[in-house]
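Peer 1: Here it is, the structure in full.
The values are calculated or read from the model by the stated rules, or taken from the named source; none is laboratory data. Note that the structure is a prediction, hence the values are computed from the model and not measured. Reconstructed Cβ throughout: ideal geometry from the backbone, glycine too, with neighbour counts over all protein chains shown. Note: accessible area is taken over every heavy atom of the protein model, side chains too, but ligands, DNA and RNA are not part of it. Shrake-Rupley method; radii C 1.70, N 1.55, O 1.52, S 1.80 Å.
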Amino acid sequence: MAVLTPIECKVLRVDNILEILLGDRILNSFTPLHYGTFGGLPTPILYVFVGLAPLILFITGFVMWWYRRKSTSKLLKEAIFIATLSKNAQK
């Protein structure tokens, strides 16, 4: 890994990857992982699907909740209607 000056782009230091400590190697591996610059084109495509997964889970969960709520309210209305009919029949 090379360290350059920001304006002149002069080389300040060159580190041999084999001589760097394990912790520094792990930290240096986070940058390509974060930006998806490894693995070619499949990596950004995978990142798009992984990024959209929470949205898809939210939408499907909301739809399931909505249908369950609708069916529960229908059952409740039917139960109230039946109870009302049975009270009226007893009179």
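Peer 1: Using Cα positions and a limit of under 13 Å, work out the aspartates and glutamates in reach of K70, with same-chain residues fewer than 8 apart set aside.
Peer 2: E78
Peer 1: What angle do you read, to the nearest 10 degrees and between 0 and 90, between the alpha-carbon axis of helix 42-90 and the longest principal axis of the chain?
Peer 2: Taking Cα atoms only, the helix is inclined about 10 degrees.
Peer 1: Given labels modelled 7 Å from the Cα in the Cβ direction, how far is it in nm from I20 to R68?
Peer 2: My value for the distance between the label points is 4.8 nm.
Peer 1: Bins of 5 Å, beginning at zero and ending with the bin holding the largest distance: percent of Cα pairs per bin for the chain, please.
Peer 2: Computed distribution, short to long bins: 2, 10, 8, 9, 10, 8, 8, 6, 5, 5, 5, 4, 4, 4, 4, 3, 2, 2, 1, 0.
Peer 1: For region 52-91, report the accessible area per residue in Å² (1.4 Å probe, heavy atoms, rounded to an integer).
Peer 2: 99
Peer 1: Of the accessible area of the chain, with the probe set at 1.4 angstrom, what percent is carbon plus sulfur?
Peer 2: Reported share for carbon and sulfur atoms: 72 percent.
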